[in-house]
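Encoded as structure tokens, the structure appears first; notes follow it.
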Amino acid sequence: MDNNAALRQWNSIAPGWAKWEPVHNRMLAAETRELLDRAGVAEGARVIDIATGAGNQALMAARRVGPAGHVLATDIAQAMLEFVAEQARAVGIANIATFACAADDLPRDQPPFDSAICRLGLMLMPNPAAVVAAVRHVLRPGGRFSSLVMSSPVANPFFAGVPSVLRRHANKPAPASGPGFFSLADPAVLTELFTGAGLTDVTITTSDAVFTLPSVDDALAMIQQAFGAVRGIISDQPQSTQDAAWAEVRTVLGQWMTPDGFVAPTQFHIASGQKPL
């Protein structure tokens, strides 16, 4: 997918992504704190957030750095950035700015950043090596980058199972390579991505979490409204094919219903590295 196609996709799903952002924030609360820790986000720091989406992690970073610090939230989709800016205004956060750009074309006319973060974006990039190289360029010497990505399909049956059902109904094979939920699931690949860009002190840790929602219907609605790439697998098929596919997805989702609601296991890697001094 080129940048123009990505722009169309993310602008189209921005309202749905923003609607379901609180669910992601609950699931990723501990991981987001570690993401900021590993990037060295601290009071007074300058932080850049790559592929910010609905921007919860950027707002968390802005609170951490305080009035003396600054956060630049970047995303290819202007609709996402407008939501982030609106959220910042609503809670009185003034030390955050937004900038529309592709993740591999970060602004180079600004003072260098102390920290860079990317939450669940790097794995979806067509050229993640170019993204990490761009991040290295905008960091100061000694600055740190941390990224949260998904681990293996086995550890993420919810995120692996739903696309599999849709591909079968659409008669589309799984891509052999390229961007996707699990493109950076192998810690060795993730490590090479960081070291290949010239980052040092590269560390990968793995964290388990749970995806919780009130019901299967909520889980289905979230997939359809917020997961543009997943919805796109089946959206070009006849309506009867789409209806059958989503009906099977709903049945599959039922395996994660518990007395406490929908609870699906998930797992992430947090990768971090430093630009050499």
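The values are calculated or read from the model by the stated rules, or taken from the named source; none is laboratory data. Nothing here was measured: the structure is a model prediction, and the numbers come from that model. Methodologically, a virtual Cβ is constructed for each residue, glycine included, from the backbone with ideal geometry; neighbour enumeration extends over all protein chains shown. The accessibility values were calculated without ligands, DNA or RNA, using every heavy atom of the protein model including side chains. Shrake-Rupley method; radii C 1.70, N 1.55, O 1.52, S 1.80 Å.
For F113, the residues whose amide H sits under 5 Å from its own are L139, R140, ignoring neighbours fewer than 5 places away on the same chain, with H placed 1.01 Å from N. In the chain, what percentage of the DSSP-assigned beta bridges are antiparallel, given to the nearest 5? Just about 55 percent of them are antiparallel.
Highest-first packing order for the peptide set 258-268, 64-74, 95-105, 244-254 is 64-74, 95-105, 244-254, 258-268, based on the mean count of other beta carbon atoms within 10 Å.
One chain, two ends: N25 and R63. Fully extended at 0.36 nm per residue, the span grows by 12.1 nm beyond their Cα-Cα distance. The local environment of A39, defined by Cβ-Cβ distances under 15 Å, has a net charge of +3 under the rule Lys, Arg +1 and Asp, Glu -1. Mean silhouette area of the range 213-273, derived from the convex hull of its C-alpha atoms and averaged over all directions, reads 5.6 nm². Rounded to the nearest 500, the helix-only mean residue ellipticity at 222 nm of the chain stands at -14000 deg cm²/dmol, with each DSSP H run of n ≥ 4 adding -39,500 (n - 2.57). Within the accessible area of the range 175-277, the carbon and sulfur atoms contribute 54%, probe 1.4 Å, all protein chains present. Each Cα pair under 8 Å and six or more residues apart adds its sequence gap; the mean of these over the residue count of the range 26-129 is a relative contact order of 33 percent. Measuring r between the beta carbons of R89 and D109 and using R0 = 25 Å, the FRET efficiency lands at 0.50. N95 sits among other residues whose Cβ lies under 14 Å from its own Cβ, and their net charge, with Lys and Arg +1 and Asp and Glu -1, is +1. Compared with the alpha-carbon gap, the fully stretched path from D201 to Q239 is longer by 8.6 nm at 0.36 nm per residue.
Determine, for each peptide in 200-209, 51-60, 109-118, the mean count of other beta carbons within 10 angstrom over its residues, then list the peptides with the highest first.
The most tightly packed comes first, giving 51-60, 109-118, 200-209.
Binning all Cα-Cα separations of the chain at 10 Å, short to long from zero, yields these whole-percent fractions: 7, 29, 37, 21, 6, 0. Given their separation in residues at 0.36 nm each and the Cα-Cα distance between them, F99 and A188 gain 28.9 nm when the chain is fully extended. Each Cα pair under 8 Å and six or more residues apart adds its sequence gap; the mean of these over the residue count of the range 173-277 is a relative contact order of 46 percent.
The calculated P(r) of the range 25-82, using every Cα pair and 5 Å bins from 0, goes 4, 21, 29, 24, 17, 5 in percent.
Annotation: per residue accessible area for the range 82-219 equals 45 Å², rounded to a whole number [probe 1.4 Å, protein chains only].
Packing-based ranking of 20-32, 126-138 yields 126-138, 20-32, ordered from highest to lowest mean Cβ neighbour count within 10 Å.
Give, rounded to the nearest 20 debye, the magnitude of the charge dipole that the range 15-93 has about its Cα centre when Lys and Arg contribute +1 at Cβ and Asp and Glu contribute -1 at Cβ.
140
In whole angstrom, the range 72-198 maps to an equivalent ellipsoid with semi-axes of 29, 20, 13, each derived as √(5λ) from the alpha carbon gyration tensor and ordered largest first.
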